[in-house]
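Rule-based calculations on the coordinates, nothing more; no lab input. Nothing here was measured: the structure is a model prediction, and the numbers come from that model. Heads up, the Cβs are rebuilt from the backbone with ideal geometry, glycines too, and the neighbour counts pull from every protein chain shown.
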2 protein chains.
Amino acid sequence: MFAASNLGGCRIKRMKRFNDMTVAQLLAALASPEPTPGGGTAAAIAGAMGTSLLVMVAGLAKSRNNTDDEKAALAKARAAIDPITARLTDLADQDAASFDAVMAAYRLPKASDEEKAARTKAIQSALRGATEVPLETLRTCAAALEPARTVADYGNRSADSDTGVAIGLLKAAAAGAAANVRMNLGGLKDEGFKAAAEAETARLLAAPALA
Amino acid sequence: MFAASNLGGCRIKRMKRFNDMTVAQLLAALASPEPTPGGGTAAAIAGAMGTSLLVMVAGLAKSRNNTDDEKAALAKARAAIDPITARLTDLADQDAASFDAVMAAYRLPKASDEEKAARTKAIQSALRGATEVPLETLRTCAAALEPARTVADYGNRSADSDTGVAIGLLKAAAAGAAANVRMNLGGLKDEGFKAAAEAETARLLAAPALA
């Protein structure tokens, strides 16, 4: 349980962590007209399905040609990928929380000049958070796609389609996270932050493992 | 609850429907070295996240230019997409069950010529099922991607990244399903069935909505 938005004490929305929801509850939450959870959460969970599949393939008893070198490389890739699943499910939660914070900031009072200034500051701060979370999702998917190549090269041939699905889901998650970064950057005024975030997004999307 | 594999009475494995698992349980099941659930299940659930997001965007109070025509088109698209989520979560279950049936067929006895013949027949029958399920997943994702274009064209601009994630997930699900069709076709001997399934797979993948 976490406080999805607790900005200025104006609203506290408690929600289950997505990890603890059933798949049916997650799908219903995505389909509901509430602003969260949205694409950022779905992307992170799709990425987590991808890393889970890679952990499975890298952990199979037999590798492609069943050599010790392949098995050592797969064990290393598996160790790198395994902790990423939990990072992605955390990011699924953080994505919803960060966007709830944006919504909460927009609901702040704007009667006086002081209130207007405080509200603008709160919106900018919340939008920055809502940019940083999908940017971290993008970084995390990119980090998983590097060792994923080892799994694609050395994993048991009978699981090739599992590896293919995993890589496809991680790429879709990365592209979705990048779309969310860019969407939220649009509302930000800090040109330095915007330029740096856009440059990092473009650089990550252009990495060989994501192409 | 369903019998995941009950071929020749040799093994009955009961499992929860994926809809009723928590996300954490689903991810753990995907990561486990058990042959199922695998990429076919992950692809179908990713597709279901995509259709859920599209239902959300198509159901928002405001459309892109907030015209009656747009809202009517979105309502029609939403009605077409909404039932697809449940079809995809059913296919997630069926995918695991069909592959469990393949595994069960391979475990049948093969001491006598009669047993060998029965086993070969059972394997072929199970592989055909394990091809038909991902082919249906591919058809279903393709069917969702048609009305998804209406959502992309007329959905509220503030949800463009949600629509983008949805379409990305449905395309990844379709590609993953196609990879599973082709993987399982490899083991089939019925050339007529193989040619027809491959032709339909190629045709669906080449559809404009999937390109």
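Worth a mention:
- Normalised by 2.2 N^0.38 Å, with N the number of residues, the alpha-carbon radius of gyration of segment A:152-194 equals 1.83.
- Extents of the protein assembly as shown, taken as max minus min of Cα coordinates on every principal axis and listed largest first, are 89, 52, 36 Å.
- Summarising the label geometry, the points placed 7 Å from Cα in the beta-carbon direction at B:ALA86 and A:GLU34 lie 2.2 nm from one another.
- Modelled spin-label separation between A:GLN124 and A:GLU191, with each label point placed 7 Å from Cα along the Cα-to-Cβ direction: 1.4 nm.
- Put the Cα centre of segment B:32-72 next to the Cα centre of segment A:112-149 and the gap is 23 Å.
- Taking the convex hull of the alpha carbon positions in segment A:47-129 and averaging its projected area over all directions gives 6.4 nm².
- Value of [θ]222 nm, deg cm²/dmol, for the protein assembly as shown, DSSP H segments ≥ 4, -39500 (n - 2.57) each, nearest 500: -25500 deg cm²/dmol
- When Rg and the Kirkwood radius Rh are both evaluated on Cα atoms of chain A, their ratio Rg/Rh stands at 1.06.
- Whole-number percent relative contact order across segment A:1-150, with pairs defined as alpha carbons under 8 Å at least 6 apart: 28 percent
- Out-of-range pairs (alpha-carbon distance over 28 Å; input A:LYS62/B:LYS171; A:LYS194/B:LYS76; A:LYS194/B:LYS71; A:LYS110/B:LYS62; B:LYS16/B:LYS76): A:LYS62/B:LYS171; A:LYS194/B:LYS76; A:LYS194/B:LYS71; B:LYS16/B:LYS76
- Kirkwood-based Rg to Rh ratio, segment A:97-192, C-alpha trace: 1.23
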